[in-house]
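Heads up, the thing below is written out as structure tokens.
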Amino acid sequence: MKVKISRGDEVEVITGNDKGRRGTVQSVLRKKNKDGSYDPNRVYVVVSGANMTIKHQKATGRVRTQTGRIEMEAPIHISNVALVGTGGTATRGGYRIEGDDRVRFDRKSGDPLPKPDNS
């Protein structure tokens, strides 16, 4: 399965406690099998502002780390998020060949999706 969501994309959470929340993808996590190949069913995304968890961090040695209760985003399975298309609605993404280029497009409207800002 080809991962159609990449870092910098605008996505909407479609299931779970944060259903309806929108944010940008901070990272895409692909888990590996024991033989080193990527497992297509174990793909997760970290969405800004969604699936917030609290991590309790204590001081370690003399290093200046942030201590106490730290709120952070936890990964969400990629099947639980959907791309936000050109019309502002949640949609699926796809690929098609136009000339010599492979273009990502919005499956609802058929419009090409812009390349995400990976900064």
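If you go through the range 2-34, how many residues are on the phi < 0 side of the Ramachandran plot and part of a loop (DSSP other than H, G, I, E, B)?
Here the count works out to 15.
Take GLY20 and tell me if it is exposed (fewer than 12 other Cβ atoms within 10 Å of the Cβ) and modelled with pLDDT of 90 or more.
Taking the combined requirement at face value, the residue satisfies it.
Which of the residues spanning the range 46-71 are part of a strand (DSSP E or B) and either basic (Lys, Arg) or under 21 Å from GLY20 (Cβ atoms) (or both)?
VAL46, VAL47, MET52, THR53, LYS55, ARG69, GLU71
Would you be able to tell me the number of residues in the range 78-103 that are in contact with a Phe, Trp or Tyr (Cβ under 6 Å, 6 or more places away or on another chain) and either within 25 Å of ASN51 (Cβ to Cβ) or not charged (D, E, K, R) (or both)?
1
Residue under question is VAL84, and the condition is that it be under 13 Å from the mean Cα position of the chain (by Cα) and at pLDDT 95 or above; does it hold? Steps first, answer last, please.
Details: under 13 Å from the mean Cα position of the chain (by Cα): yes; at pLDDT 95 or above: no.
So VAL84 does not fit the description; no.
The values are calculated or read from the model by the stated rules, or taken from the named source; none is laboratory data. Bear in mind that the values here come from a model prediction, so they are computed numbers and not experimental data. Glycine also receives a Cβ, built like all others from the backbone with ideal geometry; neighbour counts cover every protein chain displayed.
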